[in-house]
Structures are given as C-alpha cells and as structure tokens.
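The structure appears below as structure tokens.
A short reminder: the numbers here are calculations on the coordinates, not readings from a lab. Here the structure is a predicted model, which means the values were calculated and not measured. FYI the Cβ positions are ideal-geometry reconstructions off the backbone, even for glycines, and counts take in every protein chain you see.
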Amino acid sequence: MKKILIRADDLGYSEAVNYGIVKAVKDGLVKSIGLMPNMIAASHGIDLIKDYNICLGQHTNICIGKPVCDPKLISSLVKANGDFKSSSDYRNSEQDTVVLEEVIMEIEAQYRRFVELSGYEPKYLDGHGIKSQNFLKGLEKVAEKFNLKYSGSTFGNKPMIVGKTNVYVHIAHSVEQKSIEPLIEAVEQGHDGDCDMVITHPGYIDAYILEHSSVNIPRVYEVEMLCSESTKKYLNRDDVALVTYDDL
C-alpha cells in the first residue's frame with residue numbers, strides 16, 4: 001500500500017492564501033496544514049479551519065513579516081527595521097548568518113504563539129524553506145524539546161524520518177494549468193510501507209502576496225488541482241492510502 005500525504009503550507013501568509021487553503025480542505029484533498037504563527041493573518045486562518053478535521057502543524061517562518069521575539073534579541077534574523085530578513089538575503093549569503101541560539105529563541109516563541117492561537121500543540125514542526133543549516137538544527141532541537149514530530153528537508157530519492165516513518169518529498173509549487181503531475185509522481189514513485197509527501201501551496205491572491213511572494217499565480221492553480229474531480233478520481237485507487245502526520 002502506498003501512503004500519500006498531501007500537505008498545504010503557508011496558512012496565515014495572507015487572508016487570500018487562507019481562503020484558498022480552506023477551499024482545498026473543504027472541497028479538496030488537503031488534511032495536513034502548516035501555520036505561520038508569526039504572520040498577521042494567522043488568527044484569521046485558524047478561525048477558518050477550526051471546524052474541519054485537519055492535522056495542523058507549525059510552519060516556522062523566519063523570512064517574511066515580523067518576528068514574535070523582540071527583534072533586538074535576534075539580530076541575526078532581522079533587518080534594521082525589525083522585520084525578518086528576506087529569503088534572498090539568506091540565499092545570497094556565502095555563510096550561514098543565522099545564530100543558532102537566536103533562531104531557537106524565535107522558533108520557541110512561534111511555538112508558544114501557535115499554542116495560544118490554536119489551543120493545542122502543533123502536530124508537526126517544519127520550516128519555511130531558507131538556506132540555513134542552523135535553522136534546520138534549531139527546528140530539530142525545538143522539536144525534541146517539546147516532543148514534536150520534526151518534518152525536515154529532503155528531496156529526490158533520499159527519505160527523511162518523521163516519527164517512525166521514512167518520508168519521500170515531492171514539491172508542487174511549479175504547478176501550472178491545474179496539473180496533477182506532482183501527485184502522479186508521488187504515486188508512481190511511491191514506496192510501499194513508507195510515505196510519499198506532496199508539499200503544496202494553495203491559495204488565492206491579494207496585494208500582500210503579489211508584493212511579498214514569488215509564488216503567486218501557481219497557488220491558484222494548486223487550489224484547482226487539489227479540488228478537481230480528475231485528481232480525486234486518480235487517487236481513488238486500491239493501492240493508495242491518503243494519510244496525515246498523525247499516521248506517521
């Protein structure tokens with residue numbers, strides 16, 4: 001049996017993204033969602049999904065918006081105005097500029113914000129992707145401290161371990177024209193007894209997304225792909241089980 005986990009990232013990024021994600025839950029295939037606890041639309045996102053049976057995790061973010069911590073305490077993560085450094089700042093740096101102790105402080109602050117907003121602990125902990133080994137180390141340490149499932153970073157044929165399960169990752173952020181190719185890839189390359197995870201970024205578009213995210217129009221296509229009857233029909237097969245982080 002092939003286990004397929006469909007995850008939607010970026011709840012809280014903006015209200016438009018939140019509406020797209022809840023559409024992919026209500027009418028689509030999404031059962032695992034990552035919340036950005038620091039974002040101004042995080043509370044709005046929690047309100048939208050609170051009545052649905054979903055597996056909500058902490059999608060820790062250190063490259064968009066403002067930190068939960070006092071910016072003066074985490075100078076390696078922020079710009080002069082107190083906002084987080086952008087993903088391009090990390091990408092263009094030849095060295096890992098993230099200070100481990102500082103990023104652990106912010107990850108824990110976002111964990112506490114998550115619990116405050118949701119009323120429960122995150123079902124898993126992962127990070128909004130940036131180029132930093134110290135960020136990944138910090139996530140792993142915080143996950144261990146609070147006994148959370150850590151969902152790390154790996155691609156291709158090398159799995160990561162989440163809970164006690166080998167998980168292979170497939171990214172769907174290049175989806176266009178409602179393509180279901182990432183899901184087909186996950187199923188066709190599926191590993192019996194392990195899990196193949198498709199990371200998606202469904203959402204609608206507002207001014208904030210246009211100004212702050214390089215992934216915009218593909219979000220809309222991903223909503224359509226995750227809700228389409230052709231996608232559901234393809235996954236309605238005897239050798240596929242749709243799972244969440246609770247099953248790992």
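What 222 nm value per residue comes from the helices of the chain, counting each DSSP H run with n ≥ 4 as -39,500 (n - 2.57) and dividing by all residues, nearest 500 deg cm²/dmol?
Computed ellipticity for the chain at 222 nm equals -10500 deg cm²/dmol.
Name the residue, out of SER88, SER43, SER228, whose mean-square fluctuation peaks in a Gaussian network model built on the chain with Cα pairs under 10 Å.
With Cα springs under 10 Å in the chain, the top fluctuation among SER88, SER43, SER228 is at SER88.
Quick check on the stretch 2-247: of the DSSP beta bridges with both residues there, what percent are antiparallel, nearest 5%?
If I count the DSSP bridges inside the stretch 2-247, around 15 percent turn out antiparallel.
For the pair ARG112/GLU181, report the inter-label distance in nm, with labels modelled 7 Å from Cα in the Cβ direction.
With each label point 7 Å from Cα toward Cβ, the separation is 4.5 nm.
Are there any trypsin sites (Lys or Arg not before Pro) in the stretch 1-109 that are in a DSSP loop and have at most 14 other Cβ atoms within 10 Å? List them by number.
Answer in residue order: LYS50, LYS79.
Counting pairs of Cα atoms in the stretch 7-125, how many percent are more than 20 Å apart?
42 percent
Taking the stretch 104-248 on its own, what percent of its Cα-Cα pair distances exceed 23 Å?
The share of Cα pairs beyond 23 Å in the stretch 104-248 comes to 47 percent.
I'd like the trypsin sites (Lys or Arg not before Pro) in the stretch 108-138 restricted to DSSP loop residues with at most 11 other Cβ atoms within 10 Å, sorted by number.
none
Determine the dipole magnitude for the chain: charges of +1 sit on the beta-carbon of Lys and Arg, -1 on that of Asp and Glu, nothing else is charged, the reference point is the Cα centre, and the result goes in debye to the nearest 20.
With Lys and Arg at +1 and Asp and Glu at -1, about 220 debye.
Say each of LEU242 and HIS191 gets a label point 7 Å from the Cα, pointing the same way as Cα to Cβ; how far apart are those two points in nm?
Each label point is offset 7 Å from its Cα along the Cβ direction, giving 2.3 nm.
Given the options SER75, SER214, SER87, which has the most mean-square fluctuation in a GNM of the chain, springs set between C-alpha atoms less than 10 angstrom apart?
Result: SER214 has the largest fluctuation of those listed.
Only Cα pairs within less than 10 Å get springs; with that Gaussian network setup on the chain, which residue of SER213, SER32, SER86 has the largest fluctuation?
Checking each option, the largest mean-square fluctuation is seen for SER213.
Above 22 angstrom, tally the Cα pairs of the chain and express them as a % of all pairs, no decimals.
Roughly 52 percent, once rounded to a whole number.
Mind giving me the FRET efficiency for LYS145 and HIS212? R0 is 22 Å, r the Cβ-Cβ distance, nearest 0.05 is fine.
The computed FRET efficiency comes out at 0.10.
At most 12 other C-beta atoms within 10 Å and a DSSP loop state: those are the exposed GluC sites (Glu not before Pro) I care about. Give me the longest piece of the chain that has none.
For GluC sites (Glu not before Pro) (loop position, at most 12 other Cβ atoms within 10 Å), the longest site-free span of the chain is 1-93.
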